[in-house]
1. How much net charge surrounds B:His312 when only the other residues with a Cβ under 11 Å from the Cβ of B:His312 are counted, with Lys and Arg +1 and Asp and Glu -1?
2. If I take all pairs of Cα atoms in chain A, what percentage of them are more than 32 Å from each other?
3. Of the cross-linked pairs A:Lys33/A:Lys62; B:Lys307/B:Lys333; B:Lys67/B:Lys237; B:Lys284/B:Lys333; A:Lys118/B:Lys488, which ones have a Cα-Cα span greater than 18 Å in the structure shown?
4. Rounded, prolate or oblate for segment B:63-154? Axes are the square roots of the Cα gyration tensor eigenvalues, ordered a ≥ b ≥ c, and the cut-off for rounded is a/c under 1.5.
5. What Kirkwood hydrodynamic radius, in Å, does segment A:244-292 give when the mean of 1/r is taken over all pairs of distinct Cα atoms and then inverted?
6. Tell me which residues come under 5 Å, amide H to amide H, from A:Phe129 once H is placed; ignore anything under 5 positions away on its chain.
7. Before anything else, pin down the relative contact order of chain A: Cα pairs under 8 Å, at least 6 apart, normalised by residue count, whole percent.
8. Tell me the Kirkwood hydrodynamic radius of chain B in angstroms, computed as one over the mean inverse distance between distinct C-alpha pairs.
Amino acid sequence: MSLDEEVPFQNDGELHQKLIAEVLAAYPDKSRKRRQKHLSVAKALDTPEAKEEGLLTECDVKSNIKSIPGVMTVRGCAYAGSKGVVWGPVKDMVHISHGPVGCGQYSWSQRRNYYIGKTGVDTFVTMQFTTDFQEKDIVFGGDKKLEKTIDEIGELFPLAKGISIQSECPIGLIGDDIEAVSRKKHKETGTTIVPVRCEGFRGVSQSLGHHIANDAIRDWVFDKKDVEHEAGPYDVNVIGDYNIGGDAWSSRILLEEIGLKVVGNWSGDATLAEIEKAPKAKLNLIHCYRSMNYICRHMEEKYGMPWLEYNFFGPTQIAEGLRKIAAHFDATIQENAEKVIAKYQVLVDAIIAKYKPRLKGKTVMLYVGGLRPRHVVNAYNDLGMEIAGTGYEFAHGDDYQRTGHYVKDGTLIYDDATSFELEKFIEGIRPDLVGSGVKEKYPVQKMGIPFRQMHSWDYSGPYHGYDGFAIFARDMDLAINNPVWGLFKAPWKKAA
Amino acid sequence: MPQNADKVLDHQPLFLEPEYKEMLARKALGEGLPCAEETAKVGEWTKSWDYREKNLARTALTVNPAKACQPLGAVFVAAGFEKTLSFVHGSQGCVAYYRSHLSRHFKEPSSIVSSSMTEDAAVFGGLQNMIDGLSNAYTLYNPKMIAVSTTCMAEVIGDDLQSFIRGAKEKKSVPEEFNVPYAHTPAFVGSHTTGYDNMLKGILDNFWKGKTATPGTAINIIPGFDGFAVGNNRELKRILDEMGVEYTILSDVSDQFDTPSDGEFRMFDGGTTLEATEAAINAKATLSLQEYCTQKTLEYAETFGQKTASLHYPLGIGGTDDLLTTISELSGKPIPDSLEKERGRLIDAMADSQAWLHGKTYAIYGDPDFVYGMARFILETGGEPRHCLATNGSKVWADQMRELFASSPFGSQCQAWAGKDLWHLRSILHTEPVDLLIGSSYGKYLERDCKTPLIRLTFPIFDRHHHHRFPVWGYQGGLRVLVTILDKILDVLDLKTNEPGETDYSFDLVR
């Protein structure tokens, strides 16, 4: 029996409670009352019901509520959720950032949605198309400019399969009718044109933008054309994999290996055709539940397609996911799944043998979007690492409920954490690694704590699938065990 | 199995493994993309004069612009003041974008707060957001000044910053005497350089309003929006100290975007103290190093009786000569021999390398002043800045560029492209190719498509690290620019001549 089994890891729940009290004390009264509902410590659930459901803890916080002004929320907006996350990666469509120049500029090529194509000719993901609103467009309305923009796209980018209109804040405020423009232009050209009402002031975070983007697929893409597709018994869609650093590819290779046929991948490396034929598949496999559960629920209701959540981070979850997916199909697929798991076990053993000794017992704090704060937990556990705290920028209640399947008793839980809270929590816990976004990276590193960006994979990846797990393990090792962290203190400074 | 625990393959080699190549080929069958022949045909057409004419005729669509929006400039300039927190009134997503954008370039923290306005604030206005937001920001982050600017949402609904800040002070969000300068920075007017100007003017107005200046001996220097500010401002201060000039840099971000790693996270490290900002009213002159970042600010300074002057990004020989002579004129201090020697050293280096530089053709894009300064230096090396493009450049700027071209025989074939974007530049580079491209990281797509080697010398630089920590201004900075250009020319030549038995007859050891 190894040492870590004898002394199971226990989070210091008492310290975490104290840290919560300390950060709350710093707020003005009104904001303290609001913030305290978003912070808690995971409590162990020992009931037979919990055991049956596989719930380890209860992570009880309020979520999906407006951010407090002036506190430095890390959240983005609905536009970021629609253009940045859901629509932007659809590669053979032109996505217009409709409004002033900034939104499209700051989100240009920032999510690392890998794709294959001749950019600027048949695919357009790493480009910034905007109507670049000027004062006169605000005063007189932008519909005419939008029409002209669509015409110019048609002329200069004839191989674009469709256009989406990603609304920035002013669009909804000045009363533009982008739906009417879309209908008119569609009638004229026959091209798919998708108006998306993802103005940045809608909702409380990126999350509503995901929902609005999902609804736009339902309303402006599905059932608009006769789709030629001969449905096969093993057709599946992968939903909510944005192919960051190639994640969708290192996942797809496994699904194909167990004998499934991936009809559409949403929306990393996706084409409009893949989205159009998706309703003909047998099963929707959803990775990012937060951003795309809406369209899965719709397809279930309308086309009777079942959907299944899975997790391809780390070997424990990958094996569980493959078995769960295979269980939806026949014995051949199930046997294939076992073969694939066994085949990759050799790689998994080699990765763990190499990296676990270097990472065992290291603690991690996470603060990411709407899925990864729970989804990557077991991948860390597979390497012997432990989660001290985790939280989401824009999760909903069902996400926190699901988090209870992953995190252990005493884990610090923070929803829509402010930069102030994160800094204080990190300072108090001093974990061995923090995984969050680019805005958080440099403050944390200045504190002498290793960091990995967990939105962009810090320009690495893929992290999904077995091939991705090798990269994940290597990256966590190189972050934590780099010699730079030992150089911070000048030798002439007295030891603390 | 393509992956390997001993030597872990990253995305780049991983997806070239046969298993992935085959998988992606299978995927392609169901994608519904055009066939390879059609894509190739259209791809070739995009390189043609016919396409160029259609492309340049665009009036509504912008593709790959080289500019950002006003608040980015506002939060940048505010970051250069002592313990100053930027507070952007409007939607919160914008602030996440500015912070990310600046962090990706500087590899540094960027701390900015938002008033997080949502749909209800769009209907009722954002006063309550201002009241709560200022109170929270002040209490949590303990700044010495909060600089308020706006997103386009707040501008469209017409929120009035002056009365909102007044209202917030009445509600005790911050103490009455606490500094809350502000500027309206609509994203649909101008660009980030406009926002820099507006916010700087707002900050000065906060300290100078209603006061009378008592002209002294110091001069104010405004660097302007500059991705190389860390290196440039430090070089600027070295030059000023060398000359013995009394000065105030109005917004010095050099330490803010270059804090050390020693275990402490310094949220605020803006270099211009509030005291100095207040006292800057008494300067005898204000010098802007980037005309297009400071037009309103200089007009404002003039109302206090200050002399003003503006330059175009002081780079190279003539640019630095102008910097030194202008400072000397405004301050009355002579230019010391030490700086003249630096000038001589830069010229020495240019003379040593002139054969590699003479007649090289360039495309340059970026903010108007950068493009001007860079083009001027290229002309000095005997190069031809054939295509000079500024998405946020005006007709006046284009005229200034044409004057510059007319001043040198190397400018005879050069063109200024005001208000054009990088997709226009793609057509221009395909139809009228040049040897080298000078710009930002976004230029890498042009480098890929047009095969024009890219030299990254302006904001934003996301895909190379730490360039901004070294100056490009002054004679010393010019030396660094010179070496950067030469390295690219010689690296490209080595790559073209390294095929054994094919091209390596030219693979010279001495160049």
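The values are calculated or read from the model by the stated rules, or taken from the named source; none is laboratory data. Small disclaimer: the values here were computed from a predicted structure and weren't measured. Glycine gets a Cβ as well: all are built from the backbone with ideal geometry, and neighbour counts include every protein chain shown. Heads up: the accessible areas ignore ligands, DNA and RNA and are worked out on the full protein's heavy atoms, side chains in. Shrake-Rupley method; radii C 1.70, N 1.55, O 1.52, S 1.80 Å.
1. -3
2. 44 percent
3. B:Lys67/B:Lys237; A:Lys118/B:Lys488
4. Because a/c hits 1.5 or more and a/b fails to exceed b/c, segment B:63-154 counts as oblate.
5. 11.5 Å
6. It is A:Ser97, B:Asn64, by chain and number.
7. 20 percent
8. It is 24.9 Å.
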